[in-house]
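Peer 1: Below are the structure tokens for one structure; questions will follow.
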Amino acid sequence: MALIAAIVSIQSVLLPHVSLWGVKPDLGFVAVCLIGLFGGELEGLLVGLAVGWAMSLFSAQDVLSAATIKGAVGFIAGLAGRQVAYLSPAVLVVGLLAISCLVGLITPFALQLNAQQNWWWALWTIVLPQAALDAIIGGAVYWLISSHFRLEQWVSEYRI
Amino acid sequence: MRMVNFRLSYSARRVALALAVILVLGFLLLPGQLQTVFQTVGSPFGWIVSWPLQAVAGIHDRIADVWSQYMALQGVEEDNRQLRREMDLLQEQNAQLRESAAATERLAALLEFKKQALSTLVAAQVIGRDTGNWYKTIILNKGTSDGLQSDQGVITPAGVVGRIVKTTSSTAVVLLLTDPNNAIAGLIQRTRDEGIVEGTTHGVARLKYIPLLSTARPGDRVVTSGLVGGFPRGLAIGTISRIDKEDEALFQSAELSPEVDPNRVEEVLVILPSLFPTEGERLGAPKPKS
């Protein structure tokens with residue numbers, strides 16, 4: 001709960017001041033991906049749904065699409081985490097970039113945005129910059145956590 | 001190793017001497033003409049040489065400037081440090097005073113507007129922005145517990161900001177005028193032509209569905225028409241900056257510069273419902289005679 005509150009607060013209050021080209025990273029997405037990867041499918045799904053719901057309260061995005069998308073991301077991250085024995089930071093960054101791009105390309109269809117906000121516009125102005133930022137932040141967080149904690153050991157013990 | 005012999009032969013030396021004498025005599029006897037000839041012959045050559053010359057001169061001047069500046073600066077270095085310290089202090093004080101003055105000005109304007117306008121406006125502060133990147137919204141520090149609901153209009157003394165799309169008990173999300181998913185009924189003040197104001201992906205707004213025969217032009221002000229709920233008639237939306245008229249189109253459209261910069265808004269007023277008559281109520285059907 002504290003994590004979700006912190007994510008929403010930072011996302012809506014602090015990040016708009018440090019956005020690049022008017023685009024800010026999605027901390028909720030990064031957190032859900034990491035929790036799914038290292039916690040499992042269920043944890044990813046539940047946290048994703050909760051984060052999506054909480055973030056939709058402070059956005060014009062409808063709660064259904066926000067919670068569903070974040071939940072699906074958490075679940076997929078959990079499935080992916082189960083298939084990977086060792087996750088290097090580089091693989092994580094590339095993975096986050098790819099998943100963020102995928103989610104970014106699906107979202108405009110889910111939101112049924114105005115005709116001006118077409119697929120091409122979304123790709124260049126939001127999806128790619130946000131995916132890059134998400135990947136950088138995700139990689140940095142992973143690096144910080146793995147340098148201070150025995151993440152691999154924790155994951156193997158936790159998952160078994 | 002074979003050495004190169006620069007010594008001219010005797011006959012060649014005689015030829016060279018003769019040419020030199022002729023040249024000197026020529027300058028003495030015909031100075032103007034010979035100078036002109038040499039000038040003419042040397043002109044293309046001079047043009048070619050002028051390029052590297054200018055380049056070298058430029059480099060030289062630059063080095064000289066840098067050197068003189070460096071020498072000049074050395075003497076005032078300490079003074080400069082002292083002045084910088086003082087300037088930093090004064091700038092800090094100035095920024096604090098400016099901030100206080102700006103806040104006072106804003107709040108005074110808000111208070112004055114609230115006094116002049118209908119008594120049921122709710123003042124709110126902007127506490128955040130949209131958590132995602134797909135919508136342009138602001139988050140207010142007032143919610144349903146203060147009487148705020150979806151579809152209520154949000155304004156500042158300068159003009160329209162947007163409308164509420166979501167509320168919690170203590171917060172409200174306002175979809176800005178400049179968001180492409182927002183639509184507000186607008187009216188060109190001078191020509192009285194109505195249309196729909198919609199945000200654009202470039203962060204401005206656009207008035208759509210202006211009749212083809214309209215004489216709207218850049219500089220015309222656009223206000224709310226009051227045809228749909230949320231806003232009374234006559235609130236400033238923006239100023240037309242460009243008219244777009246496409247061939248075979250049924251309507252014109254106009255690009256607007258919004259009156260309110262949504263990125264800088266800090267305090268707003270929310271218009272509560274039932275404060276103002278909608279256009280339908282205002283024009284209401286005539287009562288049947290008894």
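Peer 1: If you look at just the Cα atoms of the stretch B:148-206, how large are its Rg and its Dmax in Å?
Peer 2: 12.6, 42
Peer 1: What net charge is computed for the residues neighbouring B:I138, neighbours being all others with C-beta under 9 Å from the C-beta of B:I138, Lys and Arg scored +1, Asp and Glu -1?
Peer 2: For residues surrounding B:I138, the net value is +1.
Peer 1: Using a cut-off of under 15 Å, list every residue of the stretch A:46-70 whose amide N is near the label point 7 Å from the Cα of B:S150 along the Cα-to-beta-carbon line.
Peer 2: So the set is A:56-66.
Peer 1: Further question on the same structure: Out of the trypsin sites (Lys or Arg not before Pro) in the stretch B:173-230, which ones are loop residues according to DSSP with at most 10 other C-beta atoms within 10 Å?
Peer 2: B:R192
Peer 1: For chain A, build the convex hull from the C-alpha positions and give me its volume per residue in Å³.
Peer 2: Normalising the Cα hull of chain A by residue number yields 110 Å³.
Peer 1: Another question, if that's okay. What do you get for Rg/Rh over the stretch B:121-279 if you use C-alpha atoms and the Kirkwood form of Rh?
Peer 2: Expressed as Rg/Rh, it is 0.98.
Peer 1: Could you work out the local net charge near B:A254, counting Lys and Arg as +1, Asp and Glu as -1, over the other residues with Cβ closer than 13 Å to its Cβ?
Peer 2: Neighbourhood net charge equals 0.
Peer 1: A further question follows. Tell me the chymotrypsin sites (Phe, Trp or Tyr not before Pro) within the stretch A:17-95 that lie in a loop according to DSSP and have at most 15 other beta-carbon atoms within 10 Å.
Peer 2: Those satisfying the criteria are A:W21, A:Y86.
Bear in mind these aren't lab numbers, they're just calculated from the coordinates by the rules spelled out. This one's a predicted model, so the numbers in the text were calculated from it and none came from an experiment. Cβ sites come from the backbone with ideal geometry, for glycine too, and all protein chains shown count toward neighbours.
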